[in-house]
Amino acid sequence: MRTAIDLADAHGLDAITIRRVAAELNARPMSLYSFMDRKDDLIELMVDEILGEMVLDRLPEDWLAALHAIAAQTRAVGHRHPWLIAAIMQRPALGPNAVRHADQSMTAIAGLGLEREQAHTLLIAIDAFTMGFGGLELAGHSMRQRDGLSESEWANSTGAYLNGLSRAGRAPYLARLAEEPADDAFAASLNWLLSGFAASLGATAGTAPPLRPTPTNP
C-alpha cells in the first residue's frame, strides 16, 4: 500500500495502475489481482490508509478548538498527498479509517446536543470548506510549478497584473487583494463559518486558539 501511495505522491493518481505498482514491488501483476479486482479498489484502499493520518492523537475538549484542529490536520494531510482530495471527490471513503475520522468529528461536537440533521449538515460544511480550500491551494501550487515560479514570484506576478487592471480602471476592488495577503486565511475563514453556526444556535463561538500556518506547498 505504501508503495502505491508514494507513487501517487510523486506522480499523481494517473500513475497508479496495478501493473505499475507490481513493477515497483518486483512482483507479478496477477499477484496483486488476487487481492483486488481493479485500480479503483486499490485507490479506495490508498485513500482509507491516508485518512488514518487525519485522526488526531488527542482531541481538544472545546468543540471549536477541536474542529479547528481536525480541519487543520485534514488540510495538512491533503498537502502531503496532493492526489487525495481528487480521489475523495471521485469516490466516497467508507473504510475503517474513514469511520474513525468521521467519528472524531462527531466526538468533537457531541457536547453541543445537536439534532442528527444539524450535526450532519455542520460536518459536511466543514469538510466541504476544508477540501475546497485545500483544492484551491493545490491548484495554485500546480500553476506555479507549471510556470516555474516560486511562491513569492507568483505573488509578485499576480500583484502586478491586478495593479495593472486597477490603473486601467478595471477591477479596482479586486486589485486590493494583492496589497496585503492574510497570514492565515484558512483559520480565519473557518472561524467565520463556525461563528455563524454557533450564532444560529444562540451560542457564542468566541475565538479559536491561533493556529500555526500550514505551509502552502504540499
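Here are the numbers:
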read-out	value
Which numbered condition Arg167 misses (of (1) modelled with pLDDT of 75 or more; (2) surrounded by 11 or more Cβ atoms within 10 Å (Cβ to Cβ))	(2)
Those residues of the range 56-76 which are within 27 Å of Ser142 (Cα to Cα) and either surrounded by fewer than 18 Cβ atoms within 10 Å (Cβ to Cβ) or in contact with a Cys (Cβ under 8 Å, 6 or more places away or on another chain) (or both), in sequence order	Ala76
Selected residue (criterion: farthest from Leu64 (Cα to Cα)) from residues of the range 108-161 that are open to solvent by 60 Å² or more (accessible area, probe 1.4 Å) and polar (S, T, N, Q)	Ser157
Positions within the range 77-107 being open to solvent by 30 Å² or more (accessible area, probe 1.4 Å) and hydrophobic (A, V, I, L, M, F, W, C), in sequence order	Ala86, Ile88, Met89, Ala93, Leu94, Val99, Ala102, Met106
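The values are calculated or read from the model by the stated rules, or taken from the named source; none is laboratory data. Computed from a prediction, not measured in an experiment: that's the story for all the values here. Cβ sites come from the backbone with ideal geometry, for glycine too, and all protein chains shown count toward neighbours. The accessibility values were calculated without ligands, DNA or RNA, using every heavy atom of the protein model including side chains. Shrake-Rupley method; radii C 1.70, N 1.55, O 1.52, S 1.80 Å.
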